[in-house]
1. Being hydrophobic (A, V, I, L, M, F, W, C) and at pLDDT below 90 is the filter; apply it to region 193-218 and report the residue that is farthest from ASN237 (Cα to Cα).
2. Output the number of the condition that LYS384 fails; it satisfies all remaining conditions of (1) surrounded by 19 or more Cβ atoms within 10 Å (Cβ to Cβ); (2) modelled with pLDDT of 90 or more; (3) of a type in the set (Lys, Arg).
3. It is to be established whether one or more residues within region 271-289 are open to solvent by 80 Å² or more (accessible area, probe 1.4 Å) and assigned to a loop (DSSP other than H, G, I, E, B).
4. Might you check whether a residue that is polar (S, T, N, Q) and surrounded by 21 or more Cβ atoms within 10 Å (Cβ to Cβ) occurs anywhere in region 343-352?
5. Return the total of residues in region 196-234 being outside any strand (DSSP E or B), open to solvent by less than 60 Å² (accessible area, probe 1.4 Å) and more than 24 Å from LYS269 (Cβ to Cβ).
6. Among what's in region 53-81 and is open to solvent by 10 Å² or more (accessible area, probe 1.4 Å) and not in a loop (DSSP other than H, G, I, E, B), pick the residue that is nearest to ASN389 (Cα to Cα).
7. I'd like to check something: does region 251-259 contain any residue that is in contact with a Ser or Thr (Cβ under 8 Å, 6 or more places away or on another chain) and not in a strand (DSSP E or B)?
8. When region 235-250 is examined, which residues are found to be assigned to a strand (DSSP E or B) and open to solvent by less than 10 Å² (accessible area, probe 1.4 Å)?
Amino acid sequence: MRKLKLSTKSLSLCLLVFSFCVASVKAQVNPTGQQYNGQTIRPLTTAVSFLQIGPDARIGGMGEAGVAVPNDVNAQHWNAAKYAFSKDKFGVSVNYSPWLNGLGLGLNDIYLAYLSGYYKLTSLDAISFSLTYFSMGEMDITNYEGKVVFEDVRPHEFALDAGYSRRLTENFSMGVTGRFIYSNLTTVSGVSTTTNDLRPGLAGAADVSLFYQRELAAKRAYKNIFGAGLTVSNIGNKISYSEDMDKDFLPANFRLGLAYTTYIDKFNKLTFAFDVNKLLVPSTPIYKNDTITNSDGTTRVKKVVDRADAMIEAKDPYEVSVIEAIYRSWLDAPGGMKEELDEFILNVGLEYTYNDLFSLRCGYFNEAKTKGARKYFTFGAGLKYSMVNIDVSYIAVLPVDGLSGTHPLKNTLRIGLTFNINAPDREASIRL
């Protein structure tokens, strides 16, 4: 195990380094304001970015296109409304993802763990839960002279969820999820820096999700199923780690997806999935220096937000409320509509399954070069034995011309175990 050393002077920076490096995960490490082919690099940044990480191996192998993919025990992260269509009475899944292996720093104790499950109350509704835990490894905190003042500090974050989903019609369901978020980036209560007294950040958030699924007429195929899903997630209060620090937005996100499953015959099926998602937080603004006249007639220089080509009046993100940020996020990119469209992330996935026993998966994740440049292929496989599914996925990062840096997701291998317990929900099976 390799430990990091961090000076108390750098603790505030630590909050940004770990929360932004994780997974807004702005893949190629390029600073905001840098130019790429004449365009300014302005990635969106939020607090507790671990909530954006695709936590499970199955959807991770499908390019993280998971909003409308059926029969998903890990649906709490993607679209909790899918649980109302689950065929089994009870399911639970545990997933593990090592993190930042691609940086080459020997950081083998940084990982994401995810536990999720559901229980069908009736054939129409279900309750669900999940726990997402992100460990940032072990580090020592030093003073200005390099002397260790705190040893074996273990920053960590977690989110605990509870959800309810119900089928409102034969083909349509809705889900709501409540979330408690805890972010302890120092693990040393009351650590004092030159300007701040740091403490763990606490927040509450909610998701609202919709899911539509129906069987389509099949002429040549054995059966076809179409699915569509929409999720608005992480809508909650801003979070701060000190009374002296500005409060940051949670990674509120809009995700819309489609899935199409065709049963070639009784034993072979293919699932195609496509998602588009966008952060519902203010775009990174352009700042300029302006001369301000004080009440006594003197002048001073103040940094203010420049409008640029935004489709709505520019504001400093720290002056925007959570609700206002949701609607402003569709119109406030400094580069106008072109930059606004660059903030959408596209996910494509494919899954082949034989006799519900063996699966092969692949996918593609695409983010604009000026918004983080996360571009990678994913590959995965699944094996079912009795009630147990074993899933693995791997990320193959694509080099991006003109951008430097090492991708935090490089060489990431996700592993998952899923248990489908008790007899199938027969009424749901017949309907599907």
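The values are calculated or read from the model by the stated rules, or taken from the named source; none is laboratory data. Since this is a predicted model, take the numbers as computed values, not measurements. Positions of Cβ are backbone-derived with ideal geometry, glycine not excepted, and every protein chain shown enters the neighbour counts. The accessibility values were calculated without ligands, DNA or RNA, using every heavy atom of the protein model including side chains. Shrake-Rupley method; radii C 1.70, N 1.55, O 1.52, S 1.80 Å.
1. Looking at the filtered set, the residue picked out is ALA218.
2. LYS384 satisfies every listed condition except (1).
3. For region 271-289, residues open to solvent by 80 Å² or more (accessible area, probe 1.4 Å) and assigned to a loop (DSSP other than H, G, I, E, B): absent.
4. First pass over region 343-352, keeping only residues polar (S, T, N, Q): 347.
Narrowing the set further to residues that are surrounded by 21 or more Cβ atoms within 10 Å (Cβ to Cβ) leaves 347.
Looking through region 343-352, at least one residue is polar (S, T, N, Q) and surrounded by 21 or more Cβ atoms within 10 Å (Cβ to Cβ).
5. Count: 3.
6. ARG58
7. yes
8. Across region 235-250, the qualifying residue is only ILE239.
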